[in-house]
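Structure first, commentary second.
All of the numbers you see were taken from the coordinates with simple rules; none came from a lab. This one's a predicted model, so the numbers in the text were calculated from it and none came from an experiment. Here the Cβ positions follow ideal geometry from the backbone for every residue, glycine too, while neighbour counts run over all protein chains shown.
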Amino acid sequence: MTPDTHRAIHAVWRLESARLIAGLTRFVRDIGIAEELAQDALVAALEQWPTSGVPKNPGAWLMTTAKHRAIDHLRRVERHDRKHIELGHAIDARQDSPAAVLDAALDDDVGDDLLRLVFTSCHPALSSEARVALTLRLLGGLTTQEIARAYLVPEPTIAQRIVRAKRTLAEENVPFEVPRGPELADRLASVLEVIYLIFNEGYSATSGDDWMRPALCDEALRLGRILAQLMPNEPEVHGLVALMEFQASRSRARVGPGGQPVLLNEQNRALWDRLLIRRGLAALERVDALGGARGPYALQAAIAACHARALTPEATDWTTIAALYAALYQLSPSPVIELNRAVAVAMAEGPAAGLAIVDRLTNEPALARYHLLPGVRGDFLFKLGRFAEARVELERAASLTRNARERDLLRERVAACDRALAGGST
C-alpha cells in the first residue's frame with residue numbers, strides 16, 4: 001500500500017467512522033457490534049482500495065460495505081437468538097427485507113444519529129476516563145494506540161477502558177437516544193464535561209514532557225463544533241465552543257522555540273489566531289442571542305474574550321475578569337475558581353489583594369496536591385519582595401506538577417528567588 005493511499009484511507013475513516021457507527025448502532029442497538037461492523041468495512045477498504053483506487057465517494061462505499069456486513073450479522077443472529085428471531089418476525093410482519101429496514105435506518109437523519117452517539121458515549125453510567133476514551137474512539141475515529149499515546153498511558157489500559165465501557169452500556173441496556181426533559185440537562189453536562197476534559201488535556205498536559213498536545217485540542221474543538229451544529233439552541237454548547245476557540249487561538253504563542261511554556265502576559269499576541277478569536281466572539285454572541293443567564297462555560301468564555309480583545313497585556317480589563325470569576329463562583333462554587341479570581345484581583349488591585357484571597361485557600365482539602373496553589377502564592381510573594389517565602393512555595397509547586405515543562409518553568413522561578421536573595425538580578 002502506498003503512503004498516499006494509507007493517508008487517504010485514514011482521513012476518510014476519521015471523517016466517516018462516527019456517521020457509520022451511529023447509523024449502525026441505531027439498527028443493531030449495540031455500540032460494540034456497530035463498531036465491529038464499521039471496522040469490517042475499514043478492513044475491506046484496506047484490502048481493496050490499494051488496487052482498485054480510492055472511490056469517488058469513499059463514505060458511501062464504506063456505508064454500503066458496512067450495510068452488507070450488518071445484514072449478514074442480522075441473518076446470523078436471527079437464527080440463533082430469540083430476541084433477533086422476534087425482530088425477524090416483526091420485519092416479516094411489515095413485509096420488509098432486512099436490507100430495506102437497514103436502508104431506512106441508515107438513510108434517516110444522520111445528525112440525529114450522531115447526537116445519539118454523543119450522548120451514549122458520554123453516559124454517566126461510565127467513569128470519566130471511560131467516557132473520554134470511548135468518545136475519542138467512536139466520535140474521533142482515533143485508534144487505541146493514538147488515545148494511549150495522547151494520554152501517556154499503556155495501550156492495554158485504554159483498550160480495557162473501551163471494552164469495559166461498551167460492555168457496561170450493553171449490560172445496563174442504555175438506550176441509543178437523546179434524553180428528554182430534566183434528564184437532558186444532566187446528560188448534556190456530562191457531554192460538555194467530556195469534550196472539555198479532552199481539550200484541557202491537550203491545552204495543558206497533566207503529565208509528560210510536552211506542555212501541549214495540539215491534536216487533543218483540535219479533536220475537542222471539532223467535537224464541540226459538531227455538537228453546536230446538532231444542538232443549535234443550547235447556550236452552554238455555544239459557550240463551550242467559544243471558550244475552546246479563544247483558548248485555542250493562543251496555541252502558537254503558548255510554546256517557545258524549545259517547547260517551553262510561555263505565560264499569558266509574556267506571549268506574543270501577534271501570534272494569536274484572529275480567525276479563532278472571531279469564531280469565539282461569534283459563538284459568545286450566539287449564547288447571548290439565545291437569552292437567559294450565562295452558564296459556567298459561557299462565563300469562562302466571557303473571561304477568555306476579555307483577554308482576546310486586549311492587544312497588549314496592559315489593555316486587559318482585569319476588573320471585569322475578577323467580576324466574571326465572582327459570578328462564576330456564585331454559579332459553581334469551587335476553590336479553583338476562587339484561585340483564578342485571586343489572580344485577576346492581584347492584576348487589578350495588586351499582589352497583596354490577591355495574596356489575601358489565596359491565604360484563605362491554603363487549608364482547602366481539594367487543593368492539597370494542586371500545584372497551582374503554591375505556584376500562584378509564590379508568584380504573589382515574589383512580587384511583594386518576600387523572596388525566601390516565595391522560594392518555598394515555588395519549590396513545592398515544582399514538586400507537585402507532573403508536567404516536565406511546567407516543572408522547568410517553576411524551577412526557573414526558584415532560581416530567580418535565589419538571585420534576588422543573593423542580591424543579583426531577578
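What is the order of LYS383, LYS166, LYS56, fewest Cβ neighbours within 10 Å to most?
LYS56, LYS383, LYS166
Working only with C-alpha atoms, what are the Rg and Dmax values of the chain, expressed in angstrom?
25.1, 90
How high is the relative contact order of region 281-365, in percent, with contacts defined as C-alpha pairs under 8 Å that are six or more residues apart?
21
Convert each backbone phi in region 369-385 into a coupling constant with the Karplus relation 6.51 cos²θ - 1.76 cosθ + 1.60 (shift: θ = phi - 60°), then list the ³J(HN,Hα) values in order as whole Hz, x for Gly and Pro.
Values per residue, Gly and Pro as x: 10, 8, 5, 6, 5, x, x, 5, 4, x, 5, 4, 4, 4, 5, 8, x Hz.
Taking the 0 to 90 degree range and rounding to the nearest ten, how far is the long axis of helix 58-80 tilted relative to the main principal axis of the chain, both from C-alpha atoms?
Long axis of 58-80 versus the principal axis of the chain: about 60 degrees.
Amide H neighbours of VAL255 under 5 Å, at least 5 residues apart or on other chains, H built in the peptide plane: list them.
VAL262
Could you tell me the relative contact order of the chain? Use alpha-carbon pairs under 8 Å, at least six residues apart, and round to a whole percent.
Relative contact order for the chain comes out at 10 percent.
Does anyone have the angle between helix 274-290 and the longest principal axis of the chain? Alpha-carbon axes, 0 to 90°, nearest 10?
80
Over all directions, average the projected area of the Cα convex hull of region 323-426 and note it in nm².
Mean orientational projected area (region 323-426, Cα hull): 6.7 nm².
Among ILE158, ILE357, what is the fewest-to-most ranking by other Cβ atoms within 10 Å?
So the ranking, lowest neighbour count to highest, is ILE357, ILE158.
In terms of the Cα gyration tensor, with a ≥ b ≥ c the square roots of its eigenvalues, is region 317-368 rounded because a/c is under 1.5, prolate because a/b exceeds b/c, or oblate?
Judged from the Cα gyration tensor, region 317-368 comes out oblate (a/c at least 1.5, b/c at or above a/b).
How much of the calculated P(r) for region 369-426 lies past 14 Å, in percent of all Cα pairs?
Tail fraction, whole percent: 45.
Please report GLU266, GLU155 as a ranked list, fewest other C-beta atoms within 10 angstrom at the top and most at the bottom.
With the sparsest Cβ surroundings first, the list reads GLU266, GLU155.
Under 8 Å for C-alpha pairs, at least 6 residues apart: give me the relative contact order for region 317-368, rounded to a whole percent.
33
Taking Cα atoms, how many degrees apart are the long axis of helix 235-249 and the longest axis of the chain, rounded to 10 and kept between 0 and 90?
Between the helix axis and the principal axis of the chain, the angle is about 60 degrees.
What list of ³J(HN,Hα) couplings, whole Hz, do you get for region 406-419 from phi and the Karplus terms 6.51, -1.76, 1.60, once you set θ to phi - 60° and write x for glycine and proline?
Per residue, the Karplus-derived 3J(HN,Hα) values read 5, 4, 4, 4, 5, 5, 5, 5, 4, 4, 5, 4, 4, 5 Hz.
Tell me what the chain gives for mean residue ellipticity at 222 nm when only DSSP H runs of n ≥ 4 count, each as -39,500 (n - 2.57), the sum divided by the residue total, rounded to 500 deg cm²/dmol.
Helix contribution divided over all residues of the chain: -24000 deg cm²/dmol.
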